[in-house]
1. Around Ile245, which amide H atoms from residues at least 5 apart in sequence, or from another chain, sit under 5 Å from its own amide H, with H modelled in the peptide plane?
2. Can you return the lysines within cross-link range of Lys236? Criterion is Cα-Cα under 29 Å, with same-chain partners fewer than 8 residues away left out.
3. Whose amide H sits under 5 Å from the amide H of Glu466, counting only residues 5 or more places off or on another chain, with H placed in the peptide plane?
4. Report, largest value first, the span of the C-alpha coordinates of region 483-583 along each principal axis, in whole Å.
5. What does the accessible area of Glu570 come to, in Å² to the nearest 10, when a probe of 1.4 Å is used?
6. What are the ³J(HN,Hα) values, in whole Hz, obtained from phi via the Karplus relation 6.51 cos²θ - 1.76 cosθ + 1.60 with θ = phi - 60°, for each residue of region 468-478 in sequence order, with x given for Gly and Pro?
7. In terms of the Cα gyration tensor, with a ≥ b ≥ c the square roots of its eigenvalues, is region 1-128 rounded because a/c is under 1.5, prolate because a/b exceeds b/c, or oblate?
8. GluC sites (Glu not before Pro), restricted to region 137-188: which are DSSP loop and have at most 16 other Cβ atoms within 10 Å?
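The values are calculated or read from the model by the stated rules, or taken from the named source; none is laboratory data. Because the structure is predicted, anything quoted here is derived from the model rather than measured. Cβ sites come from the backbone with ideal geometry, for glycine too, and all protein chains shown count toward neighbours. Just so you know, the surface numbers come from the protein's heavy atoms only, side chains and all, with ligands and any DNA or RNA stripped out. Shrake-Rupley method; radii C 1.70, N 1.55, O 1.52, S 1.80 Å.
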Amino acid sequence: MKISADDLKLIANTIRSLSIDAIQKANSGHPGMVMGCADIAAVLWSKILKHNPSNPGWINRDRFVLSAGHGSMLMYSVLHLSGYDITLEDIKNFRQMNSITPGHPEYRSTPGIETTTGPLGQGFANAIGMAIASLFLAREFNDDEVSIIDHYIYAIVSDGDVMEGISYEAASIAGHIGLGNVIFIYDYNKTTIEGDIDLTYSEDIKKRFESCNWHVQFADGHNYDEIENAVLKAQKIEDRPSIIIANTVIAKGSPNKEGSEDTHGAPLGEEEVRASKQNIGFDANLHFYVPQRVYDILTERKGELKRINELWDEKFNKLIVGNRKDRWDKFFTNPDIESLRKNLPVFDIDQAIATRSASGKMLEMLFKEVPNIVGGSADLGSSNKSFVKGYEETGRNKLGRNIHFGVREHAMAAIQNGISCYGGFLPYTATFFVFTDYMRPAVRIAALSRLHVIYVLSHDSVFVGEDGPTHQPVEHLAGIRMIPNLTVIRPADALETREAWISAIENRDGPTALILTRQNVPVIKRKSQAERDLDKGAYIIYDTALASDVILIASGSEVHISIDAAIKLEEEGIKARVISFPSWELFERQSCEYKEKILPKEIKKRVVIEAGIRMGWERYAGDKALYITMEQFGVSAPYKMLAERYGFNCDYIKAKVLEYLKA
């Protein structure tokens, strides 16, 4: 199909007109970026991108990420014009309740949206994750005779994206690995909300990306030939990622506000919308107008893309057969949990083991049984036991299931999100629990997007010991439990750790965080397979035969000392029930009957024992409970000395409970 420069101009101006109408109607939005990038979008969607509006989930489609998510109307306009299931009515409902055109692009909400963007830099790193996943899949299923996965990852990134530190972390990783399937277009309009970027930004962007091993080009972001030629050249760069620095003008086409920071985050206003339409050759009195020529061009393009998808399907069905098809299915279906159970690592009841080490044993099994599990750590693999020996590594110009992220927690978690959004993989990442502070923005996006990702977070409490308070998480359990739709599991021992991994694999509706000990903890003897009740979030791990006087509630490494305390209390005639409570979120999914069974209302006396702040436990124990928790920062000392100092030992708990019951 031949598309002229006049056609491209008409498409671009239609994007501008639709978008400013939607933003004005909503009285909310960011018209400047949309108007400035409309020419780039016109070239990409009419001439470059390989996708299929009739089949948005086609695995070999090009991925496009709008990292500058504030320009969401650019996406909604071009997806509507391209034939995705987004109507003009949806465009008119931009930013309204229950619409599929929310203020920033949201994964799962809108056809054609590949990931949730908005917090600047997240989409930048997500796209790197998608590129890694794409190359993983290509390596797995392509060979000299078979080429099934051969697409690109595109993104539009903004000044704000490039300013955020996460973009440097992600760019560094991408260049180091040599991701030749990445093509970013940098909307270099030199404007932020507060004004010209000269206020805060003076580095040489070309040198910055070249130093990270990127291929860098410049283009006029309003010249269709320059945009197309730069993208086609970037497609030929196979050994490193590409970025095209596109010089653009914010609010291009607005006669009175073009180039102004005022257009970054506010509607143009009724008069300027009319003036802008007239300026680009549209009727100022027509709202949400799409010329038939634009529909015709992109409908024809849609047909071409559908045929490309059909030809790919024919090739796929011819080449992905037999053992190769069986392996493909393992990547795109859920693992058989009962089969996994047959291969669980065995732990000796008489042998203490840190839950981080038990987790490492689980990963060894999972790498053998689940071919699409991939991941790694932020330079702490040997400490958090997340590196699996005997498997290839991702590093300089190479790919392997063990991914070396370097000391880049923020980019690591956002790249993990991109791998998950891509599909076909179950990614995990690992670091010390205290460093989730660096990961939190990406963890929040994973929870918001309901991504199936797993966090391995070791060194979970003050019992980190000698590294001192900078490395001893105190408030982190409370903080991470606050994130909606994030399942947090703090297992008590190796057996619960096995079940925590099983639960994380089964939890396909959101991320799971496994909170693991540095120090060895006993493998608790319990009734046959009682640890499988971990999937209920809380269960009775120790109880007397008679009615209980008090309930001891604990998680993680505090469970075994709570059991020891309960045994000592029995010697004083006190009947204590011990609840292992690894996960609030799993517990909240249980029936009222089950909750009452575990925490009966008639047992009023309750004790919470956890090496973190008490915040949040009130819902299960009440304000009048006894809290043996960590309400201060720790100090540098061996962990056993810290246990003595802060009361996490059998004798202290016994004494405090006796005192509490007498009150």
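1. Those qualifying (amide H under 5 Å, at least 5 residues apart or on another chain) are Tyr186, Gln217, Phe218, Ala219.
2. Lys2, Lys9, Lys47, Lys50, Lys190, Lys206, Lys207, Lys302, Lys306, Lys315, Lys318, Lys398
3. Result for Glu466 returns Ala637, Tyr639.
4. In descending order, the Cα extents are 45, 28, 27 Å.
5. It works out to around 80 Å².
6. Those phi angles translate into x, x, 5, 10, 9, x, 10, 8, 6, 4, 4 Hz.
7. Rounded shape, in that the Cα axes give a/c under 1.5.
8. Glu145
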